[in-house]
1. Could we say that residue B:74 is in a strand (DSSP E or B), closer than 16 Å to residue B:43 by Cα and in contact with a strand residue (DSSP E or B) (Cβ under 6 Å, 6 or more places away or on another chain) here?
2. I need the full set of residues from the range A:254-277 which are in a helix (DSSP H, G or I) and over 14 Å from the mean Cα position of the chain (by Cα), in order please.
3. Within the range A:27-39, take every residue that is assigned to a helix (DSSP H, G or I) and within 14 Å of ligand 1 (Cβ to nearest atom) and give me the one that is farthest from the other protein chains (Cβ to nearest Cβ).
4. From B:165, B:131, B:120, B:124, which residue is out of contact with any strand residue (DSSP E or B) (no Cβ under 7 Å at 6 or more places or on another chain) and modelled with pLDDT of 95 or more?
5. What is the one condition in (1) touching a residue at least 60 places away in the same chain (Cβ under 8 Å); (2) more than 10 Å from chain B (Cβ to nearest Cβ); (3) surrounded by fewer than 24 Cβ atoms within 10 Å (Cβ to Cβ) that residue A:81 does not satisfy?
6. Can you tell which of B:375, B:387, B:365 is within 14 Å of chain A (Cβ to nearest Cβ), outside any loop (DSSP other than H, G, I, E, B) and either in contact with a strand residue (DSSP E or B) (Cβ under 7 Å, 6 or more places away or on another chain) or over 14 Å from residue A:80 (Cα atoms) (or both)?
7. Residue A:52 is checked against (1) more than 15 Å from ligand 2 (Cβ to nearest atom); (2) touching a residue at least 60 places away in the same chain (Cβ under 8 Å); (3) under 21 Å from residue A:20 (Cα atoms) and fails just one. What number does that condition carry?
8. Say whether the condition of being outside any loop (DSSP other than H, G, I, E, B), surrounded by fewer than 21 Cβ atoms within 10 Å (Cβ to Cβ) and either within 16 Å of ligand 2 (Cβ to nearest atom) or within 14 Å of chain B (Cβ to nearest Cβ) (or both) is met by at least one residue in the range A:289-312.
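The values are calculated or read from the model by the stated rules, or taken from the named source; none is laboratory data. Predicted model only: the values in this text are computed from it and were never measured. In this analysis, Cβ positions are derived from the backbone assuming ideal geometry, glycine residues included, and neighbour counts consider all displayed protein chains.
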Ligand SMILES: Cc1cc2nc3c(=O)[nH]c(=O)nc-3n(C[C@H](O)[C@H](O)[C@H](O)COP(=O)(O)OP(=O)(O)OC[C@H]3O[C@@H](n4cnc5c(N)ncnc54)[C@H](O)[C@@H]3O)c2cc1C
Ligand code: SF4
Ligand code: SF4
C-alpha cells in the first residue's frame, strides 16, 4: 500500500482541531447516535490517530468515512477554522487507495458510476434518455405493477422509487451555445449545466440562462460539458477529479469570462477548489486559481451584480420556505443571497424553515450508500417543511431537490419543490409587458 | 498493561455485557480512539471500553462490576472539560452519560427542574425558558456540555458576576457511589439543615467521589429587560480598571467579559460581526433587571468606562445583536486555535481589585518568555483565561510555556487568587494544587476521597495523586 495521504498531510491541518466539541450539536450523525466516532471531533481524532500510528486504517474507519454525510455543518460551527472538507476528502481518498472497503459488487458499481458514467457526459445522457423512456412509456408502471421490482436486489429495490423523473429534453436542447441579452451586454459568463441538473432539471438550467440574460449577461453554454468531478472528489477518487477539472478548464478558459456560473450547490463547493486540486500541476495551476476566483454560484452572482427586481402587478402573496443545501450554506457560506432573491420576488412571502441548514439526507450519493440514515433525515426535513404551512419550498441543489420531492411524495404532501432561480425566472416572464429577454445567435 | 490491550479489552466487555444485560458497550479500536481525549490540549489515553448506560440502575451495575474487579471508571459527559477530567486512565472504563439526557420535570410551582445528568446545558436552559423561567449559568460550551459535567466542574459562565455559578442552582443530586449504592442528597426545600450538606461535596468533585445521575436545579424568574454594551479600549489595563471601578461603585451587572486584541481578531475571523479589530481590549457588558434599573445602571457604567479610558461604548440596538455578541464571545477559546495548533489555556482567578496587576503580569510574562498569548475571560469574576498559542511538537517552546504558566500561577496566588476559577484541577493543574490551597487542604481532600471511594476506582489520579 502506498503512503497514506493522511500521514503526508501538513500536520497542522489535523492539529487545527483542538477538540473543543463546539461542532458536536450541529452534526446530524452525532445527533442521531450520540457516539463520538460519529461526530466531527471524533472523525478528526480517528484521522489523527491514523496519522500518528495509534490506529490502523481498517474497514471500520472506511465505514465511518462513508457514514459521514459530508454536509460540512461542522465547518460552519467550528470557531477554530478546521478545514473538514479537505480532511474528509483526503481520508476518503486514503480509504479507496487502501482497498479496505473493496468487495466485488461495490467495485463494479463504483467503477460503473464514478469512472465510466460520470466521466462520459454523452453516455450519462444516454442512460438518462433510457431512464426517461422507461418512465414515460409506462414500463416503469408495468414493472412496478407486475411486482418485477421484487426481483431486484434489496438495495436497488429501495432505490427504484427514488429514480428521478427525467425531463424530455436536456440542457443543450434548451439553451443555445451562446445567447445574448437584449438590453446590452454588461458581463460575459459561462454556464455550467451540471450532470444531475442537466438530466433531471434541464428546465432549471434554462431558467438560469434566462435570469442571467435578464441581467445583462451574455451566456456561453457549451452543449457537451464534462462532469465537474465533485462526485469523484467527494468520494475519494482524487485522480479522476483532477482529470475532470482539467477538462473543465480547457472548455471554459477562466480568463475570458467575468464569471463562471453554477446553479448546483454540490458542484459549486467542489468547483471553487480547483486551485488546490491542481496546485501541483504546472500547466494548469495558474488557470485553476483564476477559475476559483471566477466561479460563482448563481445566487451569489445575482446579488453581487445587483439583480433587477421584477416588476409586478399586485397579487395575493404566496408563502414560500427555503431549505439550505449544505454545500451552499456550509460549503460556500452562501446564506443571505438566495433569501434576498426570494424576498425580492413580488407575490412571494418568505417563511423561515426551522432547522433550514440541517442536512436533508441527500448528501451526494449518501441516500444510495446509507439509505437508513438518509431516510431519517428526509423525514425530519419533510416534517419541518410541513410545519411552515408554505405550499412551496425552494432549494439550490438538484440532489436536495430530488430528496425533497421524494420525501414529500412519500408523505403524501402537496408541497411543491422548486429553486429560487426558477421562481425569479418565472417572475421575469410574467412581468407586465414582458418580452422574450434573449435572442439566439 | 497486558501485552495485547485489545484482547483484554474485549474479554472485559464480554464479562461486562454478561453482568449488565442490555448495556451498550464499545471496545473497537476506533471507539476507544474516539474517547481518548477531552477538550484539553495535548492529553491522550485510551480506555479499555466505553459504556453508555441508559438509566441509574445500569450505572449502579457498572460500578458494582468495576468495584468487584478494581477497574478504574472515568465518568464522561460531553468531553468539553478543560483540565483533562474525562481523559481516560489506561485500562479504564469510560462511563459516558450522553444517553441519559432526559429532562424529567419542570416544576413551575417550586421553581425547580429535574434532569438526567447527561442533559445538555442549553436544553436545560431552553426547557426552563419554555415555562417562562430562567436557568442562568451559561458556560461558553453550553450548547454541548452536560449538566452533570457542569456540576462536576462547578462551571461558571458569562453571567457569573450577578447570578453566580452552577453551585448556586443545585438543590439536589442523585449520585451513584463507587460501590454501586444509589444516594439522593438534597430536595425541593429552600432550607434543609438535616446533617451535612453532602450535595455540596459532589459539586466540583470532578467525577472522583460519585457518579451524578440526576440533577435537581433551582430556577428563577427571568429579568424583564436587558442592555448589552461593548466598551472599546486601546490598552488592556484600562479595561481591568473599569471592571474594578464598576464593582467599587456597587454595581453588579450581569456580564463583564473581556477580550484582548488577539482574541478579538480570532473571533472576528470566525463570526464576522464587525468587532473593532484595532482595539487592544474590549469589555462586553450586560445589565439586566427592571427596565428603569437597567437604564440607570447602563448609564452609570458607560460613564465609568469612559472615565477609565474607554474610547467608545457601543450599545447593541436589538436583542439579536446582543445575542450575537454573547454568542461570539462564547467562541473565543476555540477561535484562538486559528493562531497556533496547540492552545493551552489557563484559568487564573484573582480578587477583582487586583485585576490590573494580574493583567500586567500576564502581558509581561508572555513577553519575557517570547510566547504568543491571547487573553479573554470573565473579568467581572476576576477570572481570566490567558491562552498560550503554541505547538505541542515544539518541545523547547512547550518548556517556555510551562515556565510562564508557573509564574502566572505564582503571581495569582500572591495576589490572593487561585490557579483555577472554573475548569477544575483534573490532570492539567494537579501539580499546582498544594501550592494553591496548602498541604492541609489537600490532606483533608484525600481523606474525603478515601471515605467515599476507599478502593480509589473513580477517576483515579485526577485532582491529586492517590495516597501512596
Ligand atoms: C469552548 C469551550 C468553552 C468553555 N466555556 C466554559 C465556561 O465559560 N465556563 C466554565 O466553567 N467552563 C467552560 N468550559 C469547560 C467545560 O465545558 C465545562 O467544564 C463543562 O462543565 C464540562 O462538561 P462536559 O459535559 O463536557 O463534561 P466532561 O468534560 O465530560 O467532564 C468534566 C469532568 O466532570 C466529570 N463528570 C462529567 N459528568 C459527570 C457526572 N455525571 N458525574 C460525575 N462526574 C462527572 C468528568 O469525570 C470530568 O472530570 C468550556 C469548554 C470549552 C471547550
Ligand atoms: S472541529 Fe472545530 S469545533 Fe469541532 S472539535 Fe474540532 S476545533 Fe472544535
Ligand atoms: S460533514 Fe456533516 S456528518 Fe460529517 S462530521 Fe461534519 S457535520 Fe457531521
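1. Details: in a strand (DSSP E or B): yes; closer than 16 Å to residue B:43 by Cα: yes; in contact with a strand residue (DSSP E or B) (Cβ under 6 Å, 6 or more places away or on another chain): yes.
Judged against the criteria, residue B:74 is a match.
2. Within the range A:254-277, the first condition is being in a helix (DSSP H, G or I), and the residues that meet it are A:254-256, A:265-271, A:274-277.
Answer for the range A:254-277, where residues must be in a helix (DSSP H, G or I) and over 14 Å from the mean Cα position of the chain (by Cα): A:254, A:255, A:256, A:274, A:275, A:276, A:277.
3. Step one: list which residues in the range A:27-39 are assigned to a helix (DSSP H, G or I), which gives A:28-33, A:36-38.
This time we only want the ones that are within 14 Å of ligand 1 (Cβ to nearest atom), so: A:30, A:36.
Details: A:30: 9, A:36: 4 Å.
Restricting to residues being assigned to a helix (DSSP H, G or I) and within 14 Å of ligand 1 (Cβ to nearest atom), the top hit is A:30.
4. Numbers: B:131 fails: out of contact with any strand residue (DSSP E or B) (no Cβ under 7 Å at 6 or more places or on another chain); B:120 fails: out of contact with any strand residue (DSSP E or B) (no Cβ under 7 Å at 6 or more places or on another chain); B:124 fails: out of contact with any strand residue (DSSP E or B) (no Cβ under 7 Å at 6 or more places or on another chain).
One residue alone meets the criteria, B:165.
5. Of everything listed in (1) touching a residue at least 60 places away in the same chain (Cβ under 8 Å); (2) more than 10 Å from chain B (Cβ to nearest Cβ); (3) surrounded by fewer than 24 Cβ atoms within 10 Å (Cβ to Cβ), residue A:81 misses just condition (2).
6. Numbers: B:375 fails: within 14 Å of chain A (Cβ to nearest Cβ); B:365 fails: within 14 Å of chain A (Cβ to nearest Cβ).
Step by step, each of B:375, B:387, B:365 is checked, and only B:387 is within 14 Å of chain A (Cβ to nearest Cβ), outside any loop (DSSP other than H, G, I, E, B) and either in contact with a strand residue (DSSP E or B) (Cβ under 7 Å, 6 or more places away or on another chain) or over 14 Å from residue A:80 (Cα atoms) (or both).
7. Condition (2) is where residue A:52 drops out.
8. No: the range A:289-312 contains no residue that is outside any loop (DSSP other than H, G, I, E, B), surrounded by fewer than 21 Cβ atoms within 10 Å (Cβ to Cβ) and either within 16 Å of ligand 2 (Cβ to nearest atom) or within 14 Å of chain B (Cβ to nearest Cβ) (or both).
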